[in-house]
Amino acid sequence: MIANGIQEVYYIQRIEESLANSIGVPKLKSGPHIIRDDRGWRQDEKSIEYIWVILVDRHFVGRGGLITAKFNEHTFRGRSHPEELVQGVFSIGADHLIQEFYQEKADRHADQVIDCFQLDLFNANKGIRLDGVSYRIHIMSNNIDTVVCVANPVTQHWRKWEAEIQKLATKLAANSGSRELIKLFN
């Protein structure tokens with residue numbers, strides 16, 4: 001998808017580290033996150049219920065992705081963090097780094113991508129993988145950390161999921177005002 005073998009792991013780690021920084025946590029994972037300052041002192045704490053990251057490779061168009069993180073209500077040293085759903089869209093450059101990133105808070109009960117995640121994991125596409133679109137889906141939740149890669153999905157459930165991804169990406173890209181993001185997700 002993005003590269004092969006060890007390089008792919010390295011590039012994905014760099015992308016996910018950048019995404020973690022962009023949403024204000026030290027690492028992409030569910031559960032508690034300790035936020036430290038530059039001296040290593042504990043400054044804050046956040047709690048995440050789940051995160052999903054979808055890397056999208058649109059052949060001849062570009063690469064980018066979406067991220068959603070559902071933060072739990074949490075209080076640390078009198079600092080209150082409300083329950084919130086943060087959704088973002090980003091582009092990936094030729095150097096495998098995030099070029100542009102845009103995020104916004106959404107209605108915490110409006111994660112349509114998760115609501116329609118009933119995918120046929122064995123029949124996404126029986127054809128050959130050529131040009132088109134491929135997805136790398138990384139889901140992190142309590143006791144779940146899984147990656148699913150799919151190219152050119154064609155079944156009913158995958159098409160419904162793909163339509164929700166496209167709808168969310170298009171909305172976020174338009175809200176960002178970024179030509180690069182709009183081009184990538186339209």
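No value in this document is a laboratory result; all are computed from the given coordinates. The shown structure was predicted, so the numbers you read here are calculated from the model rather than taken from an experiment. Don't worry about glycine lacking a Cβ; one is built from the backbone with ideal geometry, like all the others, and counts go over all protein chains shown.
What FRET efficiency comes out for Asn143 versus Arg179 if R0 is 30 angstrom and r is the Cβ-Cβ distance? Round to the nearest 0.05.
Numbers: r = 41 Å, r/R0 = 1.36.
After rounding, the FRET efficiency stands at 0.15.
With angles folded into 0 to 90 degrees, how steeply does helix 156-176 sit against the dominant principal axis of the chain? Use alpha carbons for both and round to 10.
Orientation of helix 156-176: about 60 degrees from the principal axis.
So how far apart, in nm, are the two label points at Gln118 and Arg36 if each is 7 Å from Cα heading toward Cβ?
Distance between the two pseudo-spin positions: 4.5 nm.
Calculate, in nm to one decimal, what Glu73 and Val9 gain on full extension: separation in residues at 0.36 nm each, minus their alpha carbon distance. Write down the numbers at each step before the final one.
Values: separation 64, 0.36 × 64 = 23.04 nm, distance 3.22 nm.
Extra length from Glu73 to Val9 when fully extended: 19.8 nm.
Compute the helix-to-body angle for 5-23: its Cα long axis versus the longest principal axis of the chain, expressed 0 to 90° and rounded to tens.
Compared with the principal axis, the helix lies near 50 degrees.
State the Cα centre-to-centre distance between the range 1-48 and the range 78-118 in whole Å.
The range 1-48 and the range 78-118 have Cα centres separated by 14 Å.
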